[in-house]
Structures are given as C-alpha cells and as structure tokens.
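Remarks on the structure that follows.
The values are calculated or read from the model by the stated rules, or taken from the named source; none is laboratory data. Keep in mind the model is a prediction, meaning the values are calculated, not measured. Don't worry about glycine lacking a Cβ; one is built from the backbone with ideal geometry, like all the others, and counts go over all protein chains shown.
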C-alpha cells in the first residue's frame, strides 16, 4: 500500500463521519453507552476484588487446642498448616500473648481490674494458631480439615464478609457480562447500519472508483476506518466521564460510609484506568472494525 | 489492441444480449458503435471493462486474455481505460480540480504528480480557468469536458465514451466530438457508443452497427472488402 493511499483512506474515513452526521452520532452515542456500562462494571468488579483481597488478608481462622497438648504436637500442627497452599500465614499466639491482647483491648484504663488476675491467667487455655488465607474461598474446606486434626479442640472462622463479597462479586460479573454482550451486539448492529447508509450515499462515487481502477482495499478501507474512528471516539468519551466521576464518587462513598471504612478499600484512579483505558480502546476500535468490515464485505463486492 | 472471438453473453434463459461477436480494434483507432436501445452496446462495453464475463468466447485486450485476469487484478486491468458517460457522473461535492484529481488519487498517484498532471489535462480540455468551479456551475458541455479530463488524467490506452453527447445540444456535442478526435490523434484508442447518426456520418470513422446482439455492419470490413 502506498503512503498516499493510506492517508487518502484515513481522510475519506473521517469525511464519511461528517457526511453521515446523524447516524455517526447515534453510533458514537451507543458505543459510548456500551463502553460506559462496561467501565462501570469493570470499576465495580475491580474494586470488589480489591476489597475481597483486603478482607482476605484480615480474615483469620483461629485454632484452639485440647488442654494438656504437648509442645511437640503444637509444633507439628503449625508446620502442617503452614505447608498448605491456601494458607498465607500461620501465627502462634501463646497464652501470655492472648492475655496481653485481652488486657490491651478490654482493660484499657482499668489496669487495677487486670491486676486482680495477676498470677492467674484467665485465658490460660487460649493459646492458638491464627491462620491467614491466600484464597478465602478455600476457608470452609480448610476448617473441616483442621477439625479432624488430633489435638484440635475448636476452630473459629470469621469470613462471612469475604464470602459475601465473593458471592456478590460473582453475581455482578455474570450480570455485567450479560449486559455488556447485549450492548456490544447493539453497537455492532448500529455501526454496521451507519456504514450501510454511508455506502448507499456514496454509491455513485464507489461506482466511479471501481471503473477508474480503484482497488478493493481503497474502496473498502475508508468505511472500515470510519467504523474504527466511531469506536475510538465512543471509547474516549465514556473514559473521560468515568475518570472525572470516579474520584468524586469514591470520595463521597468513603465520606458517607465511614463506619465500614476498613472494608471499603478503593483502587486508585491511576491504577484502575491504567488497565481500563487500553481495554476500552481495544473494545471500541475492535467493535468498530468488526461492524464496518462485516457490512463492507456484504455490500461492497468490488 | 482489442479482439473479441465468438463472444456471446446471455443474462438468463432467453435471447442472448450478444451473440457470436467477432471484432478487432487496432491501437490508435477511432470507432463508433451504434445500434438501437437494447441492441447489446452497453453489454459490449461492460464486457470490455470486465464488469461482466462472457458466456462464450474470448476477449483479448492489450494482449491480456480477460479470462486469465484474476479478480484482484481487475482494478489494475481497468486502468487501461478512461470512461466517459452520458450523465457525466461527476462528484457534485467536489470542484473541477478535485474531480479530476480524484481519478489520480484512487490509483495512488503522488500529490506531486497530481499537482503537475491535473492542470495539464484541464488545459487540454479547455477548462484551466474553471478549476475551482463546482459541477452545478458548469454547462453540460463543460461538465462533459471535466469527465473527459478525469478519464484522460491517468493516460489510459483506451477511451470508452458511452453516449458522450446524449445530454448535450448540437454545438456542445460537436465540440466534445472534436475533443475526442484530438485525443485520438494523440494516440489514444477511442471507442464511442452513440445514437447520434449525424455525428457518425459526418466524422467518417469506423462504424460498428449492432442489432439484437449481432454485428450487422462494420464499415472497416466494408472498406477492406471494397479494397
């Protein structure tokens, strides 16, 4: 392809959008709506993932032991748990450390009351392992396994929030995938329609081009470029909107729901858009390419 | 330059549009093709341009057997021709210069060559001063001159003119025919399809008459017979 032909095709593609304003506008609007919805779902799913990850880090299974368990057995259990793939960390908390924790958290400012227990640790039977998981979805299976271990008296788990987030995230992923697929199909259809209208409007020009000796490539490419530009514009508009909106919404939510501030961990806009921008651009340009190419092949048998 | 050997073309069951046509046009010739509406003239033009495939027979243009020209090579093959139509077929949203330059752009000509060649060809058809005008600002004759300039700008070997004077008054028609004659004198093979028998008789060129898909008269063969 000659450089002149390349630039000619791009110029014609841009002019097609101008000549075909109404349909181009509708296509860009639909594409924008589609990418906007995609962006919203992407942002929700990504943030939920971040929250789950954060929750997983703080979720611990607590393993208590039968009284009189030997130090060797305690060590064995610790080693065994630490070797499991779903376990991120396994921390032993002695009865002394457990008592210190109780004193700090429940007797703060009332050291006199705590002193009454001096020499008689009320949580003497509370030495335990705190297990942190790398994958919270494995928690139930791990708890069942630990309960069967020799010397284990009781297992506590505290993953309700993480489990709920995981389930909710999965639901949102399925719903968003469904909605996005429908919107993508609509966008392909509308771009195809816009390109069809452009082809009909330029039938005479195309006929002349063919008779003069224009190649298939030269006749078709401006229409494909038109579709790709529509896709590109349709991707950048919602990206700009989402970028402006994101930080404000995060700020608002963080302000309104301070009481669950430890759960609400938002991904930074930079990190989020670092991935979202290329995905949205590829999606927009890709849909534009597919929609226009299908139409051009159907209508322009050169 | 152009050879048709026993060429027939049928669109569907029924009378063939062209039937067993044998024809030879040499390089640099000026040929009129005449015949009534529906006689097969347009089919002949479309066969030459490889817009249609013959049902039977062989067409050889510029030493190329059209059967062997692959689909992807058709655009390059068509660059052998410049085409002029009765209704001019100019792009209404572009001025004279751009209409002519368009033909060069679609074949990938460089901007430098376009800037050099377009004024030359506009000057040749007598429209150098009107290069900024839009088609609707021109008379029918001027529009046809622009169409001829567009057909010539890529320096084709053959100029096909399908009823080039059909929409013009007598004066403009003669001017266009004179222009085509000048083009022919510069070495381009010119084939003119027309109804205008007055022009045909006056110009004294080779005349091929087609009726109901068959060549019923070829003045060139008559001359050869007489000789």
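Annotations
- In summary, residue B:116 fulfils each of the numbered conditions (1) under 20 Å from residue A:205 (Cβ atoms); (2) surrounded by fewer than 18 Cβ atoms within 10 Å (Cβ to Cβ); (3) away from chain A (no Cβ under 14 Å) with the single exception of condition (1).
- Every listed requirement among (1) away from chain A (no Cβ under 14 Å); (2) touching a helix residue (DSSP H, G or I) at 6+ places or on another chain (Cβ under 6 Å); (3) touching a residue at least 60 places away in the same chain (Cβ under 8 Å) is met by residue B:41 save one, (2).
- Tally of residues being more than 7 Å from chain A (Cβ to nearest Cβ), in contact (Cβ under 8 Å) with a residue 24 or more places away in the chain and under 24 Å from residue B:42 (Cα atoms) across the range B:69-97: 11
- Qualifying residue in the range B:127-138 (condition: buried (at least 21 other Cβ atoms within 10 Å of the Cβ) and more than 9 Å from every other protein chain (Cβ to nearest Cβ)): yes
- Residue match in the range A:48-67 (condition: surrounded by 15 or more Cβ atoms within 10 Å (Cβ to Cβ), away from every other protein chain (no Cβ under 14 Å), over 38 Å from the mean Cα position of the chain (by Cα) and in contact (Cβ under 8 Å) with a residue 12 or more places away in the chain): yes
- Yes/no for residue B:104 being under 21 Å from the mean Cα position of the chain (by Cα) and within 14 Å of chain A (Cβ to nearest Cβ): yes
- Residue match in the range A:257-266 (condition: assigned to a helix (DSSP H, G or I), away from every other protein chain (no Cβ under 14 Å) and touching a residue at least 24 places away in the same chain (Cβ under 8 Å)): no
- Lone qualifier among B:47, B:122 - being at pLDDT 90 or above, more than 10 Å from every other protein chain (Cβ to nearest Cβ), surrounded by 14 or more Cβ atoms within 10 Å (Cβ to Cβ) and within 29 Å of residue B:214 (Cα to Cα): B:47
- Considering residues of the range B:146-155 that are in contact with a helix residue (DSSP H, G or I) (Cβ under 7 Å, 6 or more places away or on another chain) and outside any loop (DSSP other than H, G, I, E, B) only, the residue nearest to the other protein chains (Cβ to nearest Cβ): B:150
- Residue in the range B:161-181 that is surrounded by fewer than 16 Cβ atoms within 10 Å (Cβ to Cβ), under 30 Å from residue B:63 (Cα atoms), touching a residue at least 24 places away in the same chain (Cβ under 8 Å) and under 20 Å from the mean Cα position of the chain (by Cα) present: yes
- Scan of the range A:13-24 for residues that are closer than 15 Å to residue A:209 by Cβ and surrounded by 21 or more Cβ atoms within 10 Å (Cβ to Cβ), ordered by number: A:13, A:16
- Check on residue A:105, part of a loop (DSSP other than H, G, I, E, B), under 21 Å from residue A:62 (Cβ atoms), modelled with pLDDT under 80 and not assigned by TED's automatic domain parsing to the domain that holds residue A:35: no
- Flag for residue B:100 being without any contact (Cβ under 8 Å) to a residue 60 or more places away in the chain and buried (at least 20 other Cβ atoms within 10 Å of the Cβ): yes
- Restricted to the range A:137-213, the set of helices (runs of 4 or more DSSP H) holding at least 2 residues that are surrounded by fewer than 19 Cβ atoms within 10 Å (Cβ to Cβ), free of Cβ contacts under 8 Å to residues at least 40 places away in the same chain and within 14 Å of chain B (Cβ to nearest Cβ) comprises A:203-212.
- Between A:41, A:48, the distinction of being part of a helix (DSSP H, G or I) and under 22 Å from residue A:183 (Cα atoms) belongs to A:41 only.
- With respect to being within 30 Å of residue A:216 (Cβ to Cβ), in contact with a strand residue (DSSP E or B) (Cβ under 8 Å, 6 or more places away or on another chain) and within 14 Å of chain A (Cβ to nearest Cβ), residue B:183 falls outside the description.
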